[in-house]
1. For the charge dipole of the stretch 166-310, defined by +1 on Lys and Arg C-beta atoms and -1 on Asp and Glu C-beta atoms about the Cα centroid, which residue among Pro300, Ile213, Tyr190 has the Cα displaced farthest towards the positive pole?
2. Which entries of Lys128/Lys403; Lys38/Lys70; Lys249/Lys293; Lys249/Lys416; Lys70/Lys128; Lys249/Lys403 have Cα-Cα distances beyond 27 Å here?
3. What is the distance, in nm, between label points placed 7 Å from the Cα along the Cα-to-Cβ direction at Glu187 and at Arg77?
4. Which GluC sites (Glu not before Pro) does the stretch 4-62 hold that lie in a coil by DSSP with at most 11 other beta carbons within 10 Å?
5. How many angstrom separate the Cα center of the stretch 329-372 from the Cα center of the stretch 238-253?
6. Please state the equivalent ellipsoid semi-axes for the stretch 327-450: what are the square roots of 5 times the Cα gyration tensor eigenvalues, largest first, in whole Å?
7. Give the calculated FRET efficiency between Glu108 and Met174 to the nearest 0.05, with a Förster radius of 35 Å applied to their Cβ-Cβ distance.
8. Quick one: dipole size for the stretch 166-310, taken about the Cα centre, charges +1 on Lys/Arg Cβ and -1 on Asp/Glu Cβ, in debye to the nearest 20.
Amino acid sequence: MSEKRLIVIGGGLAGSEAAWQAAQRGVEVTLIEMRPEKMTPAHRTGLLAELVCSNSLGSNLPDRAPGLLKEELRRLRSLIVRCADACAVPAGDALAVGREAFSECVTETIVHHPRITLLRREVESLPKEGIIVVATGPLTSEPLAQEIAALAGEEHLFFYDAMAPIVTLDSIDMSKVFRGARYGRGEGDYINCPMTREEYDRFVEALLSAETIPLREFERGDKRFFEACLPIEVLAARGHEALAFGPLKPVGLIDPRTGERPYAVVQLRQDNLAGTLYNLVGFQTNLKWSEQKRVFSLIPGLERAEWVRFGQMHRNTYLNAPRLLEPTMRWRRPEEGRSLYFAGQIVGTEGYIGSTASGLVAGLNAAREVLGKPPLVFPYETMIGALMRYVTHASPENFQPMKPNFGLLPPLERTKRRRRERNAAYAERALAALEAFLAASGALEDVVETR
């Protein structure tokens, strides 16, 4: 491990960012991407950082969580955000890009970097020695996925993503709900949204009439899809009372306001350490996002809920990061002769910008290990630090991928009543914390700009 060379596997957003960050710090990098030699079902080109879904990277406003994360990445000299800014197309307050121009920008920059060697081939097994960043994304090839599963333990690598919707605590109408666990166990661990028979009937009817997201061809053809986690709308279609006897069962719950058991109950479970986010238990779904907002707003207490993430189900190879990774994106378990880092959607950072952020953290820290420098953990007051903390400190039993949102940040010392003011205060604190961290750590002092 004496040679100053880093291996990065995967040329998506995270892998490209990781390679760039390391190379900018004087480290020789080998970036390996299997396309176009072997294509995935979702990609169409051999370009690096190809955007396979939307061409939007989300809000550019600093008082929006994705916008704050972008601003942090700009200050950290992100290649992905630099190319996105250069290839931006009109999109209001969002940062949208011309797809081909953006991917060509990233590809050309990587190819012409004097310290990056780009190899085009499939990696079927991890190198046995060296410092390696694995950023192979949600469509990791089967041989490599099998090796990662063996390394992690089969129970800690997931192939299908069933993410429940998440709401902010302060947007729940607490006058319509009550805290408590079944049979009085726990100390108000769950927030319970009770339903009358009429409210339940209305909810089920709306659920059955809602539009779903069409599955992609490779998802429809895979027999494992939906096998382990049935969508709530599919369960509801099996019988009008199926939900009342399933995830919405009221057994063991008494509404303290009425002294009676509700007809049905939707339970919300705490989703982050700060207790500012709650997910809807058992609400894995394939409904369109607009339909989720319409239907789930019928749940008592959630009429005006702020949805920080809607539910979704799709093919998505990802690790149980809280069990396996440190906030530096380094593999927790000792590996003789090698150090492993993971980045991108495979660690549970959802979305283009979230994936880019974990790529930056992995690339930066892998480079520091090559150079014999101590690792860096970003402050939790920053969005990048809070996101890395979430994916490495969330409950391992209930871990699901997460996009950047203000609910991940520590509470403000002085609470702001208006959401816009609160978000602006979060952003101001985050950027101040980042600047102080950069000044104290010298994280950018060894960066040499290369055009």
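1. Tyr190
2. In this structure, Lys128/Lys403; Lys38/Lys70; Lys249/Lys416; Lys70/Lys128; Lys249/Lys403 lie more than 27 Å apart at Cα.
3. 4.8 nm
4. Passing sites in the stretch 4-62 are Glu37.
5. If you average the Cα positions of each part, the centres end up 42 Å apart.
6. 26, 19, 12
7. 0.05
8. Once rounded to the nearest 20, the dipole reads 220 debye.
A short reminder: the numbers here are calculations on the coordinates, not readings from a lab. Fair warning: this is a prediction, and the values are worked out from it, not measured in the lab. Every residue, glycine among them, receives a Cβ derived from its backbone with ideal geometry; neighbour counts consider all protein chains shown.
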